[in-house]
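Following: one structure in structure tokens, then a few remarks.
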Amino acid sequence: MKYVLYNPLASNNTGEKIAKQFVMEQGLDKKSGDLVYRNITTLDLRFQMESLYPGDDVYIIGGGGTILRFAQEMRGMEIKNNIYFSPSGAGNDFFNDIAQPGEKFTRVNDYIRQVHRCEVDGKKRFFLTDVGIGVDGYSCRVGEDFRALEQNKDKEFNYSKAVVTGVLKDYEPCGCSVIVDDGEEEYFENVWIASTMAGKMYGGGIKIAPNYDRLTADYLELIIFEQKGRLGTLMSFPKVIKGMHEGKVAGSHVFRGKKIEVYFTKPRDCQIDGDVIRNVKHYKAEF
């Protein structure tokens, strides 16, 4: 039996259509065994997984939020069946991090075990890839506002363009303090990025932590980028987004630890695997 779990809200409410298209393109409907579609947003995932027979396969079709929800529900549960993920929607950084070039779907059993805790202004959450405050949170918030407009429902949001716009005129950097593994507090001025990573990339392919390995790392990686002046910041960004910043770009700082706390001096937008929380001043992330 093959189960296709899809998010109908993905890609401007075309998730079911994308799931069926995926099935046809991969020939899953022609292979032996029955095929069942399930709406993942209304499904009791633990019950569904516990009811599977040996040899049943599960295909998850959705964005970053879809695979995060599945991983959260599977915490502490032994998974005996093959779980595959194919991306739709805007959140494909998880997939691009782990898939081989050219793959349309990939097995994720080992990766969905790496669910990390975070706390944002006292509210507890989970993440698979990243949590951050700064121009990344700003850009995700701009994207959220863009997609909320009816006239934009068939348009694709350009994350990189939003970052450039933020750097050049709209985003206002401020100070932040960092504490890693309960050590000494360090303070930074004019911070543009304060992102804690459990993967290589975010924002649709910005490879800000290029050496991070989800399977072998036993830590989280915090990237702080501080710099005065908008033009100088913009000129430095190409190296930052290509992961060439550590030790090479002024104002770039990398920390590694199992517990990371970040305190901003002013409220800023925070994003957790692309999900936006507005007006945040503090977050804590734990491996």
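General remarks:
- Relative contact order, percent, the stretch 67-159 [alpha-carbon distance under 8 Å, six or more residues apart]: 22
- In a simple Cβ point-charge model (Lys, Arg +1; Asp, Glu -1; nothing else charged), the stretch 74-155 has a dipole of about 320 debye relative to its Cα centre.
- When the Gaussian network model of the chain links Cα atoms closer than 10 Å, the mean-square fluctuations of A71, A209, A99 top out at A99.
- Kirkwood Rh in Å, taken over the stretch 60-151 so that all alpha-carbon pairs contribute: 14.7
- Ranking V180, V120 by solvent-accessible area of protein heavy atoms (1.4 Å probe, all protein chains present), from largest to smallest, gives V180, V120.
- For the stretch 49-145, GluC sites (Glu not before Pro) meeting the loop criterion (DSSP other than H, G, I, E, B) and having at most 14 other Cβ atoms within 10 Å: E78, E103.
- Per residue accessible area of the chain, 1.4 Å probe, in Å²: 49
- Fluctuation leader among R141, R268, R75 - the chain, Gaussian network, Cα springs under 10 angstrom: R75
- Note, ³J(HN,Hα) from phi for the stretch 70-78, Karplus 6.51, -1.76, 1.60, rounded to Hz, x at Gly and Pro: 4, 4, 4, 5, 8, 4, x, 9, 7
- Sparsely packed loop sites in the stretch 220-257 (the trypsin sites (Lys or Arg not before Pro) outside DSSP H, G, I, E and B with at most 16 other Cβ atoms within 10 Å) comprise K228, K242, K248.
- Length-normalised contact order of the stretch 42-97 in % [C-alpha pairs under 8 Å, at least 6 apart]: 44
- Between the beta carbons of N81 and E185, assuming R0 = 51 Å, the FRET efficiency works out to 0.65 to the nearest 0.05.
- Share of carbon and sulfur in the accessible heavy-atom surface of the chain [1.4 Å probe, %]: 47
- Computed [θ] at 222 nm, deg cm²/dmol, the chain (DSSP H ≥ 4; -39,500 (n - 2.57); rounded to nearest 500): -7000 deg cm²/dmol
- Cα centroid of the stretch 157-200 to Cα centroid of the stretch 220-281, whole Å: 3
- Two-decimal ratio, the chain, of alpha-carbon radius of gyration to 2.2 N^0.38 Å: 1.03
- By DSSP, the beta bridges lying fully in the chain are antiparallel in about 75 percent of cases.
- Dipole magnitude for the stretch 85-203: about 680 debye, using +1 per Lys or Arg Cβ and -1 per Asp or Glu Cβ, origin at the Cα centre.
- Dipole magnitude (debye, nearest 20) for the chain, charges at Cβ of Lys, Arg, Asp, Glu: 500
- The relative contact order of the chain, computed from alpha carbon pairs under 8 Å that lie at least 6 residues apart in sequence, is 18 percent.
- Across the options N39, C118, Y219, the greatest Cα extent toward the positive end of the charge dipole of the chain (unit charges at beta carbon of Lys, Arg, Asp, Glu) belongs to N39.
- Karplus (6.51, -1.76, 1.60) ³J(HN,Hα), θ = phi - 60°, over the stretch 202-211, in Hz, Gly and Pro reported as x: 8, x, x, x, 6, 8, 7, 10, x, 9
- Choice from E150, E246, E185 showing the highest fluctuation, given a GNM over the chain with Cα pairs closer than 10 Å: E150
- DSSP beta bridges fully contained in the stretch 1-159 are about 30 percent antiparallel.
The values are calculated or read from the model by the stated rules, or taken from the named source; none is laboratory data. Treat the numbers as computed from the prediction; the structure is a model and nothing was measured. In this analysis, Cβ positions are derived from the backbone assuming ideal geometry, glycine residues included, and neighbour counts consider all displayed protein chains. Note: accessible area is taken over every heavy atom of the protein model, side chains too, but ligands, DNA and RNA are not part of it. Shrake-Rupley method; radii C 1.70, N 1.55, O 1.52, S 1.80 Å.
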